[in-house]
Amino acid sequence: MIEQELILLGLLRQSPRHGYEIKLKVREILSLFAGVQLKSIYYPLRILEEKGLLAKQAVKKSNRPERFVYCLTDKGRHRFEILLNKNLLDCKRPEFTLDLSLYFLNFMKPVLARRRLKKRLEILEKISSGLVGMLNSKGLKDTLPLYRIMEHNLCLLEAEASFLSNLLKKI
């Protein structure tokens, strides 16, 4: 729940939002990088509201139905700062699906293992190429947080590609 709490409080730290807008942000941007999927947005928002970390206000625009807009309370801002600082120092090992396969790789015929690893390397190179293209786009440079995330992800992809290239030489 801490990652989920950090995401929700962080999005509301950027600006007050209604629930659907928060859900879209999580789905469109953060789930790509943080690996977070929120099935329901309103339950965690209610919990945060009960804890006094956010407040909601009913807003009606023109003929549209009334919606609740959520914003951080002072207590919510403080909690966000604590979580952000704690998360920056949390050095959990990244989880790579490749590791499990590497553990059992000796049960695979070397020819098949090389073919699969080469294919994985091709996929990583396509993803890296796409990230480089996005990093070079003007629109992304204006969004510094996303730029930093994509830079970080590119470094991780390049490290795995380097590892795979070396592994392929050994098999």
Spelling it out for T73: with amide H atoms placed in the peptide plane at 1.01 Å from N, the residues 5 or more places away or on another chain with amide H under 5 Å from its amide H are L54, A55
Principal axis dimensions, largest first and in whole angstrom, of the range 59-105 by Cα: 61, 30, 9
Using a Debye calculation, one point per C-alpha and no hydration shell, please list log10 I(q)/I(0) for the range 97-170 at q = 0.17, 0.28 Å⁻¹ in order. -0.69, -1.27
Using only the alpha carbons of the range 36-135, what is the convex hull's orientation-averaged projected area in square nanometres? 12.0 nm²
Peptides 46-54, 81-89, 148-156: what's the order by average Cβ count within 10 Å, highest mean first? 46-54, 148-156, 81-89
For K126, counting only lysines whose alpha-carbon sits under 28 Å away and dropping same-chain residues fewer than eight positions off, the answer is K25, K92, K109, K118, K138, K141, K169, K170
Quick one, which of (i) 15.1, 52; (ii) 20.2, 63; (iii) 20.9, 67 is the actual Rg and Dmax of the Cα atoms in Å calculated for this model? (iii)
Ranking E158, E122, E66 by Cβ neighbours within 10 Å, fewest first, what do you get? E66, E122, E158
In Å³ and rounded to a whole number, note down the convex hull volume per residue for the Cα atoms of the range 2-89. 96 Å³
What residues from the range 39-70 fall in the zone where the backbone N is under 20 Å from a label point 7 Å along the Cα-to-C-beta line of Y20? 39-46, 56-70
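Throughout, read-outs are computed from the coordinates displayed, never taken from laboratory work. Only a predicted model underlies this, so the values are computations on that prediction, with no experimental measurement involved. So basically every Cβ, Gly included, is an ideal-geometry build from the backbone, and we count neighbours across all protein chains shown.
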